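Trainee: What follows is a single structure, and I will ask about it in a moment.
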Amino acid sequence: MIGIPLVFQIFMMLTMFSDLDTDSNPDHKKIIGIFQFFPVIMILYISVFFSWFWSIGIGLQNKVPASIKMKIKKFKIFFFIPLIYITLLSIGMGISFSGYSFSNNFFPNNLGLMLPLIILPLHLFSMFCMFYMLYFCSKTIKTVELQKEVSFGEFIGEFFSLWFYPIGIWFIQPKINKLAKKIEEIQDIGKNDNI
């Protein structure tokens, strides 16, 4: 999740600086050509990232006590909105960096003014959806851990660990693995008792 984008960014920066350092007239096409790979890397990254959230939010639902009702439908809606938005935004950036342009008749003349008015609300709503995903996943983890209804104060640590995932993943994922194993062992003991 972190390695590929980080290597890409380092490669891109080194290429740009070496091009600026060696030439008095840098090749802008070469720099923009590098950005053509951005959508592919971004889509791979969000696929892994969102799959992890899905596996937490939906994958742990069978371990939540039956008496506790979580808003799974709301989570699914808020899950797909930023996923679709980021994918379309990445594709749009890829198209713009590839040099492809539409005819003047395709878009209205004031597109430059309209685009921020369309993207800004979508971006803000997408951010809200991402925060809800963090909230839902952290609540799911703590609900499975404690096997009871939890308040925000009880899962605030998980919330911030998911938010700052490059550090938090080292604490969250082992906890999820331990919870899944513990619940499976309890279920296996229950099955053996029934036999």
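Trainee: In segment 162-182, whose amide N lies under 18 Å from the spot 7 Å out along Cα-to-Cβ of residue 62? List them in ranges.
Mentor: In segment 162-182, the label zone of residue 62 (backbone N under 18 Å from the point 7 Å along Cα→Cβ) covers 176-182.
Trainee: I would also like to ask the following. How much length would be gained if the chain were fully extended between residue 51 and residue 114, taking 0.36 nm per residue of separation minus their Cα-Cα distance, in nm to one decimal?
Mentor: Gain on stretching residue 51 to residue 114: 19.4 nm.
Trainee: Follow-up question, since we're still on this one. How much of residue 13 can a 1.4 Å solvent probe reach, expressed as accessible area in Å² and rounded to 10?
Mentor: 70
Trainee: What order do 44, 89 take when sorted by accessible area (1.4 Å probe), most exposed first?
Mentor: The ranking, largest first, comes out as 44, 89.
Trainee: Which order do 8, 17 take by accessible area at a 1.4 Å probe, largest first?
Mentor: On the way: 8 30, 17 125 Å².
Result of the area sort, largest leading: 17, 8.
The values are calculated or read from the model by the stated rules, or taken from the named source; none is laboratory data. Computed from a predicted structure; not experimentally measured. Because the Cβ atoms are built from the backbone with ideal geometry, glycine has one as well, and the counts that use them run over all protein chains shown. Areas reflect the complete protein model, heavy atoms only, side chains present, ligands, DNA and RNA absent. Shrake-Rupley method; radii C 1.70, N 1.55, O 1.52, S 1.80 Å.
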